[in-house]
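Here is the structure we will look at, set down as structure tokens.
Computed from the coordinates by the stated procedures, all read-outs in this text should not be read as laboratory data. Values in this document were obtained by computation on a predicted structure and should not be read as measured data. Here the Cβ is made from the backbone with ideal geometry for all residues, glycine too, and neighbour counts use every protein chain on show.
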Amino acid sequence: MLSLDGKTALITGSGRGIGKAIALRFAEAGAKVVVNSLSPAGEEVAAHIRSNGGQAVFVQADVSQSSGVDALFKAAQEAFGGVDILVNNAGITRDQLTMRLSEEDWDSVIQTNLKSVFLCSKAALRQMLKNRWGRIINLSSIVGLKGNPGQANYAAAKAGILGFSCSLAKEVASRNITVNSIAPGFIETDMTAALSEEQRQAITERIPMQKLGTVEDVAACALYLAKEDAKYITGQVISLDGGMSII
Ligand code: NAP
């Protein structure tokens, strides 16, 4: 029996990058997967899972809006009867020094990276509470722990996720629902592809392992937190950063 057999996992923002790797890894582990992205990109991910014998549906929805979240969870309910494992992964950056940061770029990052975590968790909890079992895994960031110039909006959202996760973990622990966060450092994805060679060099020098992480590194951690094995871990944040946060 595979470790996620019989479970349904919904991964927000799983059309590419870290979310896609988590969707593929969870499907390999036997989960039925709800793939989501803002653009139609996630359709290919769901098709790939199905072509490998897995079960997956794609739902194009904007998780920064309650109407999008309602549509996403309605589709998950219709396809697989609900959600056991929620990975709040969708995220964007709108980088700018605070003095030049527009209210619009503040709001869009908070809405997409933080409000979506509240909306999706609330939607998933109804059934998790009924089932007396659930897993919520949130993608925070080293930037939420340490800050980063030009990313005050992103850092605020990612730090907000940590406070939210601890509070929710305390609210639902007695129902066998765990809520944990992963704080990646720098991972090779479209988000970090935007870095200049100079920025990449400077970052690599600050990482004890002297390289960026891979999406598979993050997926392996998410899989562990989703499994029955991790049932006594809640309210935690796991730094996944090649040692960057310990220096
Ligand atoms: P990415 O490659 O930019 O992919 C982001 C995904 O989120 C895409 O599938 C995108 O959909 C989706 N998305 C964005 N806004 C959305 C919305 N409103 N509704 C639904 N989906 C939405 O990002 P990534 O690098 O894989 O990062 C994934 C998560 O890890 C993010 O929360 C990020 O902050 C966090 N993280 C990443 C790193 C890193 O180094 N990469 C480090 C620390 C934390 P489309 O494909 O349709 O655009």
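Hey, in the GNM for the chain with a 10 angstrom Cα cutoff, which one of Asp62, Asp217, Asp229 fluctuates hardest?
Residue with maximal mean-square fluctuation among Asp62, Asp217, Asp229: Asp229.
Looking only at Ala56, Ala47, Ala90, which one moves most when the chain is put into a Gaussian network model with springs between Cα atoms under 10 Å?
Result: Ala47 has the largest fluctuation of those listed.
Using the charge dipole of the chain (Lys, Arg: +1 at Cβ; Asp, Glu: -1 at Cβ; taken about the Cα centre), state which of Leu101, Ala220, Asn180 has its Cα farthest towards the positive end.
After comparing all options, I get Asn180.
Pick out, from Asn148, Val63, Leu125, the residue whose Cα sits farthest towards the positive end of the charge dipole of the chain, with +1 on the Cβ of Lys and Arg and -1 on the Cβ of Asp and Glu.
Sorting the options by dipole projection puts first Leu125.
Treating only the Cβ of Lys, Arg, Asp and Glu as charged (+1, +1, -1, -1), what charge dipole size does the chain show about its Cα centre? Round to the nearest 20 debye.
Computed about the Cα centre, the dipole is about 840 debye.
Size of the dipole of segment 82-218 about the Cα centre, Lys and Arg at +1 and Asp and Glu at -1 on the beta carbon, nothing else charged, in debye to 20? Present the calculation step by step, with values, prior to reporting the outcome.
On the way: 15 positive and 14 negative charges, 172 e Å.
Charge dipole, segment 82-218, about its Cα centre: 820 debye, nearest 20.
What is the gain in length, in nm to one decimal, between Arg200 and Lys146 on full extension, counting 0.36 nm per residue of separation less the C-alpha to C-alpha distance?
Extra length available between Arg200 and Lys146 comes to 17.6 nm.
Using just the C-alpha positions of the chain as equal point scatterers, what log10 of I(q)/I(0) does the Debye formula give at each q in 0.12 1/Å?
Values, matching the q order: -0.64.
Helix 42-51 versus the longest principal axis of the chain: what angle, 0 to 90°, nearest 10, using Cα atoms?
The helix 42-51 is inclined about 50 degrees to the chain.
Give the lysines reachable from Lys227 as a straight Cα distance under 22 Å; neighbours fewer than 8 places away on the same chain don't count.
Cα-Cα hits under 22 Å: Lys7, Lys20, Lys32, Lys122, Lys130, Lys170.
What is the fewest-to-most order of Phe118, Phe186, Phe80 by other Cβ atoms lying within 10 Å of their Cβ?
Working: Phe118 16, Phe186 23, Phe80 20.
Fewest-to-most ranking of Phe118, Phe186, Phe80: Phe118, Phe80, Phe186.
Which of Arg206, Arg132, Arg94 has the fewest other C-beta atoms within 10 Å, and how do the rest follow up to the most? Working shown, then result.
Details: Arg206 14, Arg132 11, Arg94 17.
With the sparsest Cβ surroundings first, the list reads Arg132, Arg206, Arg94.
Please state the relative contact order of the chain as a whole percent: Cα pairs under 8 Å, 6+ residues apart?
18
Give me the Kirkwood hydrodynamic radius of segment 146-247, using the inverse of the mean 1/r over all pairs of distinct Cα atoms, in Å to one decimal.
Evaluated on segment 146-247, it is 15.1 Å.
Arranged by the count of other C-beta atoms within 10 angstrom, fewest first, what order do Met244, Met209, Met191 take? Each step should come with its number before you reach the end.
Working: Met244 21, Met209 12, Met191 17.
Listing Met244, Met209, Met191 from fewest to most nearby Cβ atoms yields Met209, Met191, Met244.
Picking from Lys231, Lys74, Lys130, which is most flexible by a Gaussian network model of the chain using Cα springs under 10 Å?
Lys130
Local charge sum around Pro40 (other residues, Cβ-Cβ under 14 Å, Lys/Arg +1, Asp/Glu -1)? Display every interim value, and only then the final one.
Numbers: positive: Arg16, Lys20; negative: Glu43, Glu44, Asp62.
Its environment carries a net charge of -1.
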